[in-house]
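Heads up, the thing below is written out as structure tokens.
The values are calculated or read from the model by the stated rules, or taken from the named source; none is laboratory data. This one's a predicted model, so the numbers in the text were calculated from it and none came from an experiment. Because the Cβ atoms are built from the backbone with ideal geometry, glycine has one as well, and the counts that use them run over all protein chains shown. Just the protein is used for accessible areas: all its heavy atoms, side chains included, with ligands, DNA and RNA removed. Shrake-Rupley method; radii C 1.70, N 1.55, O 1.52, S 1.80 Å.
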Amino acid sequence: MSLLIKSGLIITTAGNYKGDIYVENEKISAIGVNLSPQFLSSAEEVIDAEGKYILPGVIDPHTHISMPFMGTCAQDNYESGTIAAACGGVTTLIDFALQQKGETIKQSHDRKHSIAIGKVAIDYSLHSGITDLNPHVLNEVEDAILNYGTPSIKLFMTYSFRVNDEVILQMLTKAKHTGGLIQVHAENYYIIEYMNKMLEAQGKLSPIYHAKSRPNLAELDAVSRLIKFVELTDSNVYVVHLSTREGLEEIGAARKRGLEIYAETCPQYLILTEEKYEEPDWGGAKYVMSPPLRTKESNDSLWRGIKRRNIQTIGSDHCPFDFKGRKDMFGKDDYKKIPNGVPGIETILPLIYSEGVRKGKITINEMVSVLSSNTARIFGLTDKGDIDPGKDADIVIFDPEQKFTISANKLHMNVDYSPYEGIEVTGMPWMVFNRGKKVAKWNKDKVDFIGKAGDGKFIKRRPSKI
Ligand code: URP
Ligand code: ZN
Ligand code: ZN
């Protein structure tokens, strides 16, 4: 399949220029100011992208597809989740293969691959999630980093499947010697437990107390301790879903001292605030995620963190549970039982463009860095992340003027609500390509999936540094 995309504004991390792109055999094979005469005759399809932006496909580094959690299961499977991703301009996702007790890393990967292959509509990769470090698994870490194509490993400092400080130190050391990257969910479990008990004794159990039970200090403490572990082991680390000004300042100070600390945030921590937990009729349950929503002060600070390059990536932390029947019923009468997580893979690009770029918080080039280019570099997706000759033809033709009011019934995620319901965005994917194949297209008032489930593939990654 060959394709000529004419006259779009090509957006890179360094600047923008108008040009033509020729795609052949799944790759961007040429880019030029006027390629048309040369390639017009050989192209099987010619697309006029005048007035549109050409963005690298979004790489979402943080998803929970079909993950068993809190007595239920994240609702998107690899088919529905990747179809939604494609419609949102995401062309690669890196999902968590969370080790179940007693499993090897390989077994946890195989469990995920067995439900992904033949179903994925876009490309995918896996991070290992280690919850039960035994001598066999510690030995296997090197294989995961060097041979399985999965050089990143997540650890949790909270939840029942958290690991202790010694495991974090062991894993940081192991990753350092093999070129891997440890990712950490940084919240202090004991602060949360203490707050939970105190709030319970006072009968404070509605969704707002989910936020109160996980104060900014719980993130600050965990981030701060993690940084000390990195210092002690002379290693590096990637903090997932950073939500607070305090945590960010700690990371900024560490980076200033020369430590290699990477940080990811999510649209929810940039755009939404904790007032959402006060929605009537237990509606606040829709926003229960960990860490919780914060205040505008943290939102603003995180946007500045992107500009100052203390935050390198944005992920969706896509982990959807219906409001009706799940978030409202499981957690009825007690915020602690509400399954943690929100849907977001389909809205990440429109939200960051509309709320971030259009509102002047970040530039479009910074957006491309945090949604694609940095993510590819940090996670070793060497063929992805930029519009450059030789890279995979993962391309979003983006209409910067297209308006869309976010509404679950116009989205493809397998969930009955969006935390952004009713927000009008300006700027939507117009056409989306994964390795040169057209997977999604704007149609009247929404994006339609026009690809084929099963056409995506597992991408082996290499240990890499930004
Ligand atoms: O609430 C969240 N974030 N759910 C998914 C699991 C996690 O901590 O990333
Ligand atoms: Zn987490
Ligand atoms: Zn997550």
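Annotations
- For segment 311-339, the set of residues classified as open to solvent by less than 10 Å² (accessible area, probe 1.4 Å) and either assigned to a helix (DSSP H, G or I) or closer than 18 Å to residue 210 by Cβ (or both) consists of 319, 320, 321, 327, 331, 335, 338, 339, listed by residue number.
- Subset of segment 302-338 that is touching a Gly at 6+ places or on another chain (Cβ under 7 Å) and closer than 21 Å to residue 76 by Cβ - its residue that is farthest from ligand 3 (Cβ to nearest atom): 330
- Count - residues of segment 1-54 that are among the β-branched types (Val, Ile, Thr) and part of a loop (DSSP other than H, G, I, E, B): 3
- Looking across segment 283-310 at every residue that is closer than 27 Å to residue 373 by Cα, more than 16 Å from ligand 2 (Cβ to nearest atom) and outside any helix (DSSP H, G or I), the one that is least open to solvent (accessible area, probe 1.4 Å) is identified as 310.
- Some residue of segment 259-266 being more than 16 Å from ligand 2 (Cβ to nearest atom), without any contact (Cβ under 8 Å) to a residue 60 or more places away in the chain, open to solvent by less than 30 Å² (accessible area, probe 1.4 Å) and not in a loop (DSSP other than H, G, I, E, B): yes
- Leading residue by the ranking (farthest from residue 282 (Cα to Cα)) among those in segment 170-216 that are outside any helix (DSSP H, G or I) and charged (D, E, K, R): 187
- Residue in segment 344-360 that is free of Cβ contacts under 8 Å to residues at least 40 places away in the same chain, under 25 Å from residue 89 (Cβ atoms) and open to solvent by 30 Å² or more (accessible area, probe 1.4 Å) present: yes
- Residues that are open to solvent by less than 20 Å² (accessible area, probe 1.4 Å), among the hydrophobic types (A, V, I, L, M, F, W, C) and more than 16 Å from ligand 2 (Cβ to nearest atom), drawn from segment 172-202: 172, 175, 199
- When residue 229 is tested against the conditions (1) outside any helix (DSSP H, G or I); (2) at negative phi; (3) surrounded by fewer than 21 Cβ atoms within 10 Å (Cβ to Cβ), the lone failure is (1).
- Which listed residue, of 410, 438, is farther than 21 Å from residue 123 by Cβ and either surrounded by fewer than 21 Cβ atoms within 10 Å (Cβ to Cβ) or assigned by TED's automatic domain parsing to the domain that holds residue 341 (or both): 410
- In segment 138-190, the residues that are in contact with a Pro (Cβ under 8 Å, 6 or more places away or on another chain) and without any contact (Cβ under 8 Å) to a residue 60 or more places away in the chain: 144
- None of 223, 237 is over 25 Å from residue 284 (Cβ atoms), under 22 Å from the mean Cα position of the chain (by Cα), assigned by TED's automatic domain parsing to the domain that holds residue 327 and in a helix (DSSP H, G or I) except 223.
- Selected residue (criterion: farthest from ligand 2 (Cβ to nearest atom)) from residues of segment 144-169 that are assigned to a helix (DSSP H, G or I), within 15 Å of residue 134 (Cβ to Cβ) and open to solvent by 10 Å² or more (accessible area, probe 1.4 Å): 166
- Test: residue in segment 360-367 that is farther than 21 Å from residue 220 by Cα, in contact with a Ser or Thr (Cβ under 8 Å, 6 or more places away or on another chain) and within 16 Å of ligand 3 (Cβ to nearest atom): no
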